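Colleague: Quick one: the structure is below, questions incoming.
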């Protein structure tokens, strides 16, 4: 029997980190990590940023070198896919026909990009961005002479690609169907500041506009995008960043609960106690949202991997990690802590015009998160405050001179300064 | 190449050889040293690769910049005068033998 063997279906950040965390915690059983990307687990954040400019080399997008998996006795099956799960027999069947027994199965199947549901969406030059192959394709297409690049979707992926393409000298237009950018992710004040950064850089940002069709040049290459109202814009390259669809087929086929993600409990278990689901594909109860949500972030993938690895090693605990996310555009450092999309009150601290500020978000008078632009201390402190379930009141945050640094901690010893001798009481 | 020693909160140590141009953070990740998370992959965003440099250290380490200084405000364990982000510590022959202490938690 394979009671002490773990099979991980999906070798993205969540799957790879599960395998690594199991070994780091001393798990001695068999670990098999199965993923369809031929190169093995990759580091996704650079794929929409430095990889496209060449600042990050292809070998640097490997999450861990092949020697890591060998040294940790992790069986990495890259270029393979789990096709079905037989829960009664505790086996998975790969697309190749191979069967593997499992004691515990971890579904880390991730997401795939949504495609544009309009005529012409399959023309050459219409791309989505998810894995290294997509990024390599896009990098090559952005490496030549200046092109007219249209990015559909003003979410993080779309805007990071737009910033990178603009930085490479291309003519860039962003088309977003919602009336504002980053509507699912950011408060209006921060989203507007990000859009201003794009417009200042010469990117044309069209909000509240729908793409209705794409037209080719007769050889199958995209040339023109048509918007609602009939406006046509020239496009040599179209990058579609309009969200993702969770990969739930495997879970559905196994009869597990699914609904915009694989549904799990607070311990990240599916309906089957021997099967967990984590990362982008998992729909879990979030104490920060007060409901089931999916989160597409490295932080969530990593923390859920560690949570599941601990459970498999006999240390089960509910998943309560503070959500956080970061983005970089035009060198702007944008960081989010907590879930900030729907606060009922916000307080902005810092210098908005100077591009160094944070939006503190409250619901019912309690701090629920912060968005920070070039204010990394605010970001880190907010994560600590959220983890501790505390924070300033909105009234306190509005006081002139309010600073999270002094609210959260005694003055920290910094370079060249003597350490603080006296410990003060802190609210964290 | 440098020998880097990571001392865990319970006193046990992990000693690994790390090649340039890796960082002290990357050395821990490559060797699955528990206690270094580095959720942002080394971009000085997250503060989850926090280490305490051994107080007796005399090896030359690069000065801390403003971003690292700011990120260290958000570490899960209390910052001290010996706190650094291990992703900001490049490995070279000059730091062969470095001893760093891992905090109780990173997130």
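Bear in mind these aren't lab numbers, they're just calculated from the coordinates by the rules spelled out. The structure presented is a predicted model; accordingly, all values stated were derived computationally and were not measured. Here the Cβ positions follow ideal geometry from the backbone for every residue, glycine too, while neighbour counts run over all protein chains shown.
Colleague: Measuring from centroid to centroid over Cα atoms, what is the spacing of the stretch B:1-26 and the stretch A:265-335 in Å?
Modeller: If you average the Cα positions of each part, the centres end up 28 Å apart.
Colleague: Return the whole-Å distance between the Cα centroid of the stretch A:198-220 and the Cα centroid of the stretch A:226-256.
Modeller: Rounded to whole Å, the Cα centres lie 15 Å apart.
Colleague: Expected output is a single nm value to one decimal: the length gained when fully extending between residue A:78 and residue A:140, i.e. 0.36 nm times separation in residues minus the C-alpha distance. What is it? Mind showing how you got there, number by number?
Modeller: Numbers: separation 62, 0.36 × 62 = 22.32 nm, distance 2.41 nm.
Separation in residues times 0.36 nm, less the Cα-Cα distance, equals 19.9 nm.
Colleague: Along the Cα→Cβ direction, 7 angstrom out, place labels at residue A:28 and residue B:59. What is the inter-label distance in nm?
Modeller: 3.2
Colleague: A further question follows. Distance in nm between label sites at residue A:291 and residue B:96, each 7 Å beyond Cα in the beta-carbon direction?
Modeller: Here the answer is 6.0 nm between the modelled labels.
Colleague: When you look at the Cβ of every residue in B:25-34, what mean number of other chain Cβ atoms sits within 10 Å?
Modeller: Mean number of neighbouring Cβ atoms from other chains: 3.
Colleague: Same structure again: In square nanometres, what is one fourth of the surface area of the convex hull spanned by the alpha carbons of the protein assembly as shown?
Modeller: 25.8
Colleague: Which residues does a label at residue B:20 reach in the stretch B:63-79, if reach means a backbone N under 20 Å from a point 7 Å past the Cα toward the Cβ?
Modeller: In the stretch B:63-79, the label zone of residue B:20 (backbone N under 20 Å from the point 7 Å along Cα→Cβ) covers B:63-64.
Colleague: Spin-label point model (7 Å from Cα, Cβ direction): what's the residue A:133 to residue A:393 distance in nm?
Modeller: Result for the modelled spin labels: 5.7 nm.
Colleague: If neighbour count is taken as other Cβ atoms inside 10 Å, put A:112, A:283 in order from fewest to most.
Modeller: Sorted ascending by nearby Cβ count, the order is A:112, A:283.
Colleague: Mind ranking A:231-238, A:32-39 by how tightly packed they are, going by the mean number of other C-beta atoms within 10 angstrom, highest first?
Modeller: A:32-39, A:231-238
Colleague: Give the calculated FRET efficiency between residue A:224 and residue A:36 to the nearest 0.05, with a Förster radius of 35 Å applied to their Cβ-Cβ distance.
Modeller: So the FRET efficiency works out to roughly 0.55.
Colleague: Order by neighbour count: A:368, A:293, fewest other Cβ atoms within 10 Å first, most last. Walk me through the numbers on the way to the answer.
Modeller: Numbers: A:368 23, A:293 17.
Result, fewest neighbours first: A:293, A:368.
Colleague: Same structure, new question: Based on alpha-carbon atoms only, what is the radius of gyration of the stretch B:2-101 relative to the globular estimate 2.2 N^0.38 Å?
Modeller: Scaled against compact globular proteins, the figure is 0.96.
Colleague: Here's a follow-up. Please express the shape of the stretch A:126-240 as an equivalent ellipsoid: the semi-axes are the square roots of 5 times the eigenvalues of the C-alpha gyration tensor, given largest first in whole angstrom. Provide the component values of the computation, followed by the final result.
Modeller: Values: eigenvalues 95, 59, 33 Å².
Equivalent-ellipsoid dimensions as semi-axes: 22, 17, 13 Å.
Colleague: Right, another one. Quick one: order A:159, A:129, A:105 by neighbouring beta-carbon count within 10 Å, fewest to most.
Modeller: Going from least to most buried by this count: A:129, A:105, A:159.
Colleague: Something else about it: Average the reciprocal distances over every distinct pair of alpha-carbons in the stretch A:232-295, invert the result, and give the Kirkwood radius in Å.
Modeller: One decimal place: 13.2 Å for the Kirkwood radius.
Colleague: At a Förster radius of 45 Å, what calculated FRET efficiency corresponds to the Cβ-Cβ distance of residue B:78 and residue A:245, to the nearest 0.05?
Modeller: Once the sixth-power term is evaluated, E becomes 0.60.
Colleague: Mind running the shape call on the stretch A:31-133? Use the C-alpha gyration tensor, a ≥ b ≥ c as the square roots of the eigenvalues: rounded below 1.5 for a/c, prolate if a/b tops b/c, oblate otherwise.
Modeller: The shape class here is oblate.
Colleague: Express in whole angstrom the spacing between the alpha-carbon centres of the stretch B:38-85 and the stretch A:15-57.
Modeller: With the stretch B:38-85 and the stretch A:15-57 each reduced to a Cα centre, they are spaced 24 Å.
Colleague: Turning to a different aspect of this structure: Which value in deg cm²/dmol, rounded to the nearest 500, describes the helix-derived mean residue ellipticity at 222 nm for the protein assembly as shown, given -39,500 (n - 2.57) per DSSP H run of n ≥ 4 and division by the residue count?
Modeller: -6000 deg cm²/dmol
Colleague: Mind ordering A:186-196, A:331-341 by average Cβ neighbours within 10 Å, highest first?
Modeller: Numbers: A:186-196: 19.3, A:331-341: 22.5.
Order by mean packing, descending: A:331-341, A:186-196.
Colleague: Next question. Within a 10 angstrom radius of each residue's Cβ in B:76-87, how many Cβ atoms of other chains show up on average? Whole number is fine.
Modeller: 3
Colleague: Next up: Pull out the extension gain between residue A:351 and residue A:320, defined as 0.36 nm times the separation in residues minus the alpha carbon to alpha carbon distance; nm, one decimal.
Modeller: On the way: separation 31, 0.36 × 31 = 11.16 nm, distance 3.21 nm.
Gain in length upon complete extension: 7.9 nm.
Colleague: Per-residue Cβ counts within 10 Å, from other chains only, averaged over A:380-388: what number is that?
Modeller: Details: counts 12, 4, 1, 7, 7, 1, 0, 3, 0.
Mean shielding count: 4.
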